[in-house]
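This report refers to the structure that appears directly beneath it.
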Amino acid sequence: MCVRAPNVPSRGIIRHYCKTTPRKIRVAEALSGTELVGTRVKVQGWVRSVRSQKENLFLHVNDGSTVQPLQVVAGPELNGAPLTFGCAVDVTGSLVKSPSRKQPVELRADHVRVVGQCSPLQFPFKIKERHGLEYIRQFPHLRCRTNVFSALLRIRSEATAAIQSYFRGNGFVQIHTPVITSNDCEGAGELFGVAPPGHVAEEGEERDGHFFSVPAFLTVSGQLHLEVMSGAFPGVYTFGPTFRAENSQSRRHLAEFYMVEAELSFTRSLEDLTTVMEDMFKSATEHVLARCAEDVDLFHKHIAVGHGRNVDAMLTKRFNVISYTEAIDVLNRSSQTFTFKTDWGCDLQTEHEKYLVKHCGDMPLFVTDYPYDLKPFYARDNQDHPQHTAAAVDLLVPGVGELCGGTLREERLDVLRARLAHGGLEDTYGWYLDLRRFGSVPHGGFGMGFERYLQCILGVDNIKDVIPFPRFPHSCLL
Ligand code: 4AD
Ligand code: MG
């Protein structure tokens, strides 16, 4: 007999389920306990191992829902079926209590269908082999089939949700800032132009033939758009792809990366920003550790052995704070020889950032009040002497270096106008000056590189291993 399944949204299609229709479940659901023992189920996934023993064939099937595979036990009639490592299968049977202590249940199959075959000789990943991240990186179209990369993708997905939940839980409104923009927020000359073929406008040129009539770029930061919104909301954030034409092959730079940015209104203190950065980091990490424990363990046991202890320490201790001026003193007093200069006024390089983090107990470290001349036009002038600094803060973390960068924004119309005029930007940023004319409030914000965050909590050395499809100079695969 067939019955209409209750509570199934029909969307115009009437679905009929036979009473004997097996319940389609995910491997994670099957392995979550023994409540489903005795239920007829259907599982769809990819074979991670095949072993024949006595009368039976044992398969491990993974469907991406958890790092653990489900053990499937099938009868001898399947011997000879093209069941190989990597093939896709559709398995129907009954869940039974497993005699092994390794898993609570196993699936006694009465039907196994090979949905997609996989040639073990040609498939680049080999059964029972633990391939290194560098090796699997060569196969961006296939690496999601490995345990380690599927774990990374689950962690990435949970971390995204955790960050969203942190901001929403704290009263921030999410703003979808544009990917295509006509501003160069950071002014660092790292823009990718956007134009249909044959329509490329030169810098500063405006012409009707151009698609947007003005030069347009892929965004390097949503900050200025968030600043617009901070004129109407106390807290806003954005989380999306960001693009930088940085000619760097380093282990912490990408041409396309995801950035989380927040903007807080009615603040005059860098401490308000550092509090949000630290809280967001800790809250998202706790969420990820709770929701993806096995996935994170895989990294802490096989990729960055023992890194779990470092993460625990980051979660329990307060982050350190020093000023840029103190940081320069520390560097100048150190016995280490650095490749780059450590004079007051020079930007901190990766080697300096790593030294400072180690010097301060290998814990996340806020460095505040950078030289004014190192910061973009929007940074608030501290108007101090003899050193001239801006109200800026970077968060440096072990193994990665700079994770977040933020500033209080210059809210004083006259100071901002003078700075824009100095850079010849007054006309370009007329609208930005307007923000300071109409109901302006002191505000500030920061951006956190999402891939660097994942590197930091997982202990992954190369940023290309924490993003599904890395883009960097001379590489845009797929
Ligand atoms: O320090 P940045 O350049 O700050 C801004 O863009 C500000 N407008 C953000 C704001 O205040 N709303 O970038 C922020 C973070 C860096 O600290 C770093 O973690 C990451 O973005 N980042 C990169 N990550 C990967 N590849 C790159 N090429 C990156 N450039 C910056
Ligand atoms: Mg920065």
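Summing Lys, Arg as +1 and Asp, Glu as -1, what charge do residues with Cβ under 13 Å from the Cβ of ALA262 carry, ALA262 excluded? My count for the surroundings of ALA262 gives -4. Across the stretch 333-429, the convex hull enclosing all Cα atoms gives 120 Å³ per residue.
Listed by number, the DSSP H helices of the chain that run 20 Å or longer by alpha-carbon position along their axis and have mean Kyte hydropathy of at least -1.0 are 147-169, 270-291. Here is the size of the stretch 105-192 from its Cα atoms: Rg then Dmax, 21.2, 64 Å. Descending by average beta-carbon neighbour count within 10 Å, the peptides 83-96, 103-116, 260-273 line up as 260-273, 83-96, 103-116, the highest first. A cut-off of 5 Å between modelled amide H atoms, ignoring neighbours fewer than 5 places along the same chain, links ALA379 with GLU410. With neighbours defined as other Cβ atoms within 10 Å of a residue's Cβ, the residues ASP347, ASP329 order from fewest to most as ASP347, ASP329. Based on every Cα atom in the stretch 209-338, Rg and the maximum pairwise Cα distance Dmax equal 19.6, 59 Å. Dividing the convex hull volume of the alpha-carbon atoms in the chain by its residue count gives 209 Å³ per residue. With both partners inside the chain, how many of the DSSP beta bridges are antiparallel, as a percent to the nearest 5? The antiparallel fraction comes to roughly 90 percent. Compared with the alpha-carbon gap, the fully stretched path from THR325 to LYS42 is longer by 95.6 nm at 0.36 nm per residue. Tabulate in residue order the Karplus-calculated ³J(HN,Hα) for the stretch 83-95, using 6.51 cos²θ - 1.76 cosθ + 1.60 with θ = phi - 60°, rounded to whole Hz; enter x for Gly and Pro. These are the phi-based 3J(HN,Hα) values: 8, 10, 3, x, 6, 9, 9, 10, 10, 10, x, 10, 7 Hz.
Here CYS346, CYS476 are placed in order of increasing Cβ neighbour count within 10 Å, fewest first, which gives CYS476, CYS346. Per the Kirkwood formula applied to alpha carbons, the stretch 373-426 shows a radius of gyration over Rh ratio, Rg over Rh, of 1.07. Against the empirical 2.2 N^0.38 Å (N residues), the stretch 397-466 has a Cα radius of gyration ratio of 1.60.
Cross-link partners for LYS54 among the aspartates and glutamates, with Cα-Cα distance under 13 Å and sequence neighbours closer than 8 places in the same chain left out: GLU77.
Taken as Cα centroids, the stretch 321-392 and the stretch 209-247 sit 27 Å apart, rounded to the nearest whole angstrom. Model label sites at ALA245 and ARG412, defined 7 Å from Cα along the beta-carbon direction, differ in position by 3.6 nm.
What order do you get for 337-345, 398-406 when each peptide is scored by the mean count of other beta carbon atoms within 10 Å, highest first?
On the way: 337-345: 11.9, 398-406: 23.0.
Ranked by mean Cβ neighbours within 10 Å, highest first: 398-406, 337-345.
Here ARG471 and SER165 are evaluated by their C-beta separation; at R0 = 45 Å the FRET efficiency comes out at 0.95. Within the same chain, lysines fewer than 8 places from LYS317 are excluded, and of the rest, those with a Cα less than 27 Å from its Cα are LYS282, LYS301, LYS354, LYS358. Suppose we look only past 24 Å in the calculated P(r) of the stretch 359-478. What percent of the Cα-Cα pairs does that tail hold? I get 45 percent for the Cα pairs in the stretch 359-478 exceeding 24 Å.
Each of HIS474, HIS287, HIS176, HIS443 was scored by other Cβ atoms within 10 Å of its Cβ. Listed from fewest to most, they are HIS474, HIS176, HIS287, HIS443.
Quick one: if the Förster radius is 41 Å, what FRET efficiency do THR84 and SER32 give, using the C-beta to C-beta distance and rounding to 0.05? After rounding to 0.05, the efficiency reads 0.90. Stretched out straight at 0.36 nm per residue, the stretch from ASP343 to VAL173 would grow longer than its current Cα-Cα span by 57.1 nm. The value of relative contact order for the chain, using C-alpha pairs under 8 Å at least six residues apart, is 12 percent. Only helices enter this figure: runs of n ≥ 4 DSSP H residues, each worth -39500 (n - 2.57), summed and divided by the residues of the chain, yield -7500 deg cm²/dmol at 222 nm to the nearest 500. For LYS301, the shell of other residues with beta-carbons less than 13 Å away shows a net charge of -1, using +1 for Lys and Arg and -1 for Asp and Glu.
Counting only other residues whose beta carbon sits under 15 Å from that of PHE377, what net charge do I get with K and R as +1, D and E as -1? Working shown, then result.
Values: positive: LYS375, ARG380, ARG409, ARG412, ARG417, ARG419, ARG436; negative: ASP184, GLU186, GLU227, ASP373, ASP381, GLU410, GLU411, ASP414, GLU426, ASP427.
Taking every other residue near PHE377 into account, the sum is -3.
Averaged over residues, the count of other Cβ atoms within 10 Å places the peptides 448-460, 423-435, 245-257 in the sequence 448-460, 245-257, 423-435, highest first. A full extension of the chain between LYS102 and ASP279 corresponds to an added length of 60.0 nm, given 0.36 nm per residue minus the alpha carbon distance.
Computed from the coordinates by the stated procedures, all read-outs in this text should not be read as laboratory data. The structure presented is a predicted model; accordingly, all values stated were derived computationally and were not measured. FYI the Cβ positions are ideal-geometry reconstructions off the backbone, even for glycines, and counts take in every protein chain you see.
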